[in-house]
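Visitor: Below is a structure I'd like to ask you about.
A short reminder: the numbers here are calculations on the coordinates, not readings from a lab. Worth saying up front: this structure is predicted, and the values here are computed from it rather than measured. Counting neighbours? That spans all protein chains shown, and the Cβs are built from the backbone with ideal geometry, glycine included.
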Amino acid sequence: MSESVDVAVIGLGPGGEHVAAQLAKAGLTVLGVEKHLVGGECPYYGCIPSKMMIRAADALAEARRIPQLGGSVEVTPDWAPVAKRISDEATDAWNDQVAVDRLVDNGGRFVRGHGRLAGPGRITVETAEGPVDYDVRRGVVLNVGTSPAVPPIEGLAATPYWTNRDIVQVNELPASLVVIGGGAIGCELAQAFARFGVAVTILEVAPRILGPEEPEASKVVAESLEAEGISVRAGVTIDRVDHDASSGFAVTLGGGEQLHGAALLVAAGRRTNLADLGLDTVGLDPSARFVDVDEQMRAAEGVWAVGDITGKGQFTHVSMYQAEIAVRSVLGKDGPWADYTAVSRATFTDPEVGSVGLTEAQARDAGLRVVTGTYDLPVSSRGWIHKVGNHGVIKVVADADRGVLVGATTVGPSGGEMIGLLATAVHAAVPIEKLRTMHYAYPTFHRAIENAINDLDL
Ligand SMILES: Cc1cc2nc3c(=O)[nH]c(=O)nc-3n(C[C@H](O)[C@H](O)[C@H](O)COP(=O)(O)OP(=O)(O)OC[C@H]3O[C@@H](n4cnc5c(N)ncnc54)[C@H](O)[C@@H]3O)c2cc1C
Ligand SMILES: NC(=O)c1ccc[n+]([C@@H]2O[C@H](COP(=O)([O-])OP(=O)(O)OC[C@H]3O[C@@H](n4cnc5c(N)ncnc54)[C@H](O)[C@@H]3O)[C@@H](O)[C@H]2O)c1
């Protein structure tokens, strides 16, 4: 006979873990199903270990700026404390016992294995001891996340390339690193490794790195990376990859040029973990790239989905936001339901890139009467004082008809923090006239936002 539970959560990434804990605390019988590590990509292979690397790398870079400001310093990078911190503090050597215990302490049940929908109100979990069936009375919440996408480049599959899951476990740095992909992962990790003395090349097929960001942001970051000695090659195609134990990786570009690296990182986007999830058994398309959800995160009768698989932004904060909504929906509570007009994000390069809402191009595509304002950070008072490391730009995108901002980008030192002010402005549709007449402390970086708003021809 099958065991019976109120709710099963398949995949315990940040969102799924939150859903399982909250529903268990609300008194439901909740089964959490995870095939690898409870907590998902973010704590073990993503946000947290990468930001620990970046924190250390930024400290090195800041120290190297001392001679231009006030003294002398000898900087000797050492990767060992970074590797140790990631293993000891972030991942517990990639052991999730604490997270499993947290779920159980909250009243949830846990099973390790591959979960799969098996028709309305039923799931099967492939455990180490064999398949176990469960009847699910109220519903199933899917939070199965993504895996690294590996482009079909000739020769690549047969080489010992790294993905984010390997690079966060590196104990010794390579002399050189080729990065395939100039997105958030590629740019953040390229800069971190370069600051530890690794010779880094970024290969990006699109015309510019950080493609989803404003072109102004891509330009500032590309210039900053190049100024640190990183080779940024945008608009290139890769024909093949070879590897030899003695000489390392050889990457052949379209046109024949060959690049070499001791290590190769594939950071070319993500694919959703939707294969072998039994989506067809509940009437969903198993070949779709994302799971289509409504504003309550419902994908089908008795099926909810949260996180990267919903296609609403592959960020931990989006997964957690959706998790809160799914919890309310499962419990039969009221909204507010999902609204993505002011999703913000931060890319932790130096300079950091903060952004919220629509880019100028997206706003134009949406048919808005668009007006933009920009301001270069180095000419702001704080940028000028800051001197070395002050590269940055603020850009705001306004809907001229409504007199509000619909998007903004803040590039610079603390760019990811500066976006907070503008996220509130977009989220709450604060009238531009109100933003023009508020106080901006002097001399902060965020005071340059006032200049960008005053640059709007409105
Ligand atoms: C290097 C890197 C850096 C990042 N940095 C940031 C950042 O700074 N800020 C930010 O907001 N986001 C960042 N992200 C993105 C962030 O990690 C994800 O958006 C976040 O983890 C949310 O994902 P999720 O909730 O969809 O699930 P995931 O974290 O992807 O977890 C899904 C879980 O489901 C499990 N699973 C899959 N299939 C099954 C199955 N059939 N049965 C049982 N279990 C299953 C997996 O093992 C996994 O544990 C980064 C990602 C990477 C790779
Ligand atoms: N700070 C953050 O919030 C943060 C940091 C890292 C990752 N993330 C999340 O993780 C997601 C995945 O990150 P990502 O950087 O892997 O993906 P991405 O989609 O952002 O970037 C991948 C890049 O690889 C390029 N590419 C694809 N195939 C290629 C090829 N064959 N040759 C050269 N370039 C190729 C793409 O054009 C793209 O620019 C991000 O979209 C983001 O949502 C967030």
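Visitor: To the nearest 10 degrees, how steep is helix 316-330 against the longest Cα principal axis of the chain, on a 0 to 90 scale?
Guide: That helix lies at roughly 30 degrees to the long axis.
Visitor: Moving on. Rounded to the nearest 0.05, what FRET efficiency do residue 424 and residue 105 have when you use their Cβ-Cβ distance and R0 = 41 Å? Display every interim value, and only then the final one.
Guide: Details: r = 35 Å, r/R0 = 0.86.
The computed FRET efficiency comes out at 0.70.
Visitor: Among all the aspartates and glutamates, which ones have a C-alpha under 13 Å from residue 434's C-alpha, if same-chain residues fewer than 8 places away are not counted?
Guide: Those aspartates and glutamates meeting the cut-off are 450.
Visitor: Can you list residues whose amide H is under 5 Å from residue 110's amide H, if they're 5+ apart or on another chain and H is modeled 1.01 Å from N?
Guide: Counting only residues 5 or more places away or on other chains, the set is 32.
Visitor: Follow-up question, since we're still on this one. How fast does region 269-417 diffuse by Stokes-Einstein, in µm²/s, taking the Kirkwood radius from C-alpha pairs at 20 °C and 1.002 mPa s?
Guide: Numbers: Rh = 17.9 Å.
My calculation gives 120 µm²/s for D.
Visitor: How big is the dipole moment of region 344-454 about its Cα centre under a simple scheme where the beta carbon of each Lys and Arg is +1, that of each Asp and Glu is -1, and everything else is neutral? Debye, nearest 20, please. The partial results should precede the final answer.
Guide: On the way: 10 positive and 10 negative charges, 34 e Å.
Computed about the Cα centre, the dipole is about 160 debye.
Visitor: Taking each pair of distinct Cα atoms in the chain once, what is the resulting Kirkwood hydrodynamic radius in Å?
Guide: In the chain this quantity evaluates to 23.8 Å.
Visitor: Straight-line reach from residue 387: which lysines fall under 26 Å, measuring Cα to Cα and dropping same-chain residues less than 8 apart?
Guide: Within the straight-line cut-off, residue 387 pairs with 51, 219, 395.
Visitor: What per residue convex hull volume, in Å³, do the alpha-carbon atoms of region 148-268 yield?
Guide: Working: hull volume 11.9 nm³, N = 121.
About 99 Å³ per residue, rounded to a whole number.
Visitor: Tell me, what HN-Hα J-couplings in whole Hz come from the Karplus equation 6.51 cos²θ - 1.76 cosθ + 1.60 at θ = phi - 60° for each residue of region 301-312, using x for Gly and Pro?
Guide: Result, rounded to whole Hz: 4, x, 10, 10, 9, 9, x, 4, 5, 8, x, 9.
Visitor: Contour minus end-to-end for residue 240 and residue 147, with contour as 0.36 nm per residue of separation and end-to-end as the Cα-Cα distance?
Guide: Details: separation 93, 0.36 × 93 = 33.48 nm, distance 2.21 nm.
Working it through step by step, the gained length comes to 31.3 nm.
Visitor: Measure out, as a whole number of angstrom, how far apart the alpha-carbon centroids of region 31-77 and region 291-305 sit.
Guide: For region 31-77 versus region 291-305, the Cα centre distance is 35 Å.
Visitor: Still on this model: Counting Lys +1, Arg +1, Asp -1, Glu -1, what net charge surrounds residue 89 among other residues with beta carbon under 13 Å of its beta carbon? Each step should come with its number before you reach the end.
Guide: On the way: positive: 51, 55, 84, 85; negative: 88, 92.
With Lys, Arg at +1 and Asp, Glu at -1, the net is +2.
Visitor: With charges only on Cβ, +1 for K and R and -1 for D and E, what is the dipole size of the chain about its Cα centre, in debye, rounded to 20?
Guide: Details: 38 positive and 57 negative charges, 140 e Å.
With Lys and Arg at +1 and Asp and Glu at -1, about 680 debye.
Visitor: Using Cα positions and a limit of under 14 Å, work out the aspartates and glutamates in reach of residue 333, with same-chain residues fewer than 8 apart set aside.
Guide: By straight Cα distance, residue 333 reaches 295, 324.
Visitor: Nearest 10 degrees, 0 to 90: what angle lies between the long axis of helix 47-64 and the longest principal axis of the chain (Cα atoms)?
Guide: Orientation of helix 47-64: about 20 degrees from the principal axis.
Visitor: Can you check what the net charge comes to around residue 186, using other residues whose Cβ is under 12 Å from the Cβ of residue 186 (Lys, Arg +1; Asp, Glu -1)? Write out the running numbers ahead of the final one.
Guide: Working: positive: 233; negative: 188, 204.
Residues near residue 186 contribute -1 overall.
Visitor: Shifting gears a bit: Determine ³J(HN,Hα), in whole Hz, for all residues of region 80-90 in sequence, where each value follows from phi through the Karplus function 6.51 cos²θ - 1.76 cosθ + 1.60 and θ = phi - 60°; x replaces Gly and Pro.
Guide: Per-residue couplings from phi come out as 3, x, 5, 4, 5, 4, 4, 6, 7, 8, 8 Hz.
Visitor: Any chance you could check the Cα centroid distance between region 187-201 and region 420-447 for me, in angstrom?
Guide: Rounded to whole Å, the Cα centres lie 34 Å apart.
Visitor: May I pose another question? Expressed as a fraction of 2.2 N^0.38 Å, the rule-of-thumb size for a compact globular protein of N residues, what is the C-alpha radius of gyration of region 344-454?
Guide: On the way: Rg = 13.1 Å, N = 111, 2.2 N^0.38 = 13.2 Å.
So the Cα radius of gyration is 1.00 times the expected 2.2 N^0.38 Å.
Visitor: Also, quick follow-up: How big is the equivalent ellipsoid of region 1-124 along its three axes, where each semi-axis is √(5λ) from the Cα gyration tensor, reported in whole Å from largest to smallest?
Guide: Numbers: eigenvalues 372, 31, 27 Å².
For region 1-124, the ellipsoid semi-axes come out as 43, 13, 12 Å.
Visitor: Can you list, largest first and rounded to whole Å, the semi-axes you get for region 107-177 by taking the square root of 5 times each eigenvalue of its Cα gyration tensor?
Guide: So the three semi-axes of region 107-177 are 37, 16, 12 Å.
Visitor: So what's the angle, to the nearest 10 degrees on a 0 to 90 scale, between helix 184-195 and the longest Cα principal axis of the chain?
Guide: For helix 184-195, the angle is close to 50 degrees.
Visitor: Could you compute the longest span of the chain free of GluC sites (Glu not before Pro) located in DSSP loops and having at most 13 other Cβ atoms within 10 Å, not counting the site residues?
Guide: On the way: sites that count: 74, 129, 172, 257, 295, 301.
The segment 302-458 is the longest one with no such site.
Visitor: Related question: Using the Karplus equation 6.51 cos²θ - 1.76 cosθ + 1.60 (θ = phi - 60°), what ³J(HN,Hα) coupling, rounded to whole Hz, does each residue of region 153-159 give in order, writing x for Gly and Pro?
Guide: 8, 3, x, 4, 4, 8, 9
Visitor: Around residue 279, under 10 Å between beta carbons, what's the net of Lys plus Arg minus Asp minus Glu among the other residues? Don't skip to the answer; put the middle values down first.
Guide: Numbers: positive: 116; negative: 276, 280, 285.
Neighbourhood net charge equals -2.
Visitor: Still on this structure, I have one more. Need the C-alpha centroid separation for region 337-362 versus region 97-141, integer Å.
Guide: 34 Å
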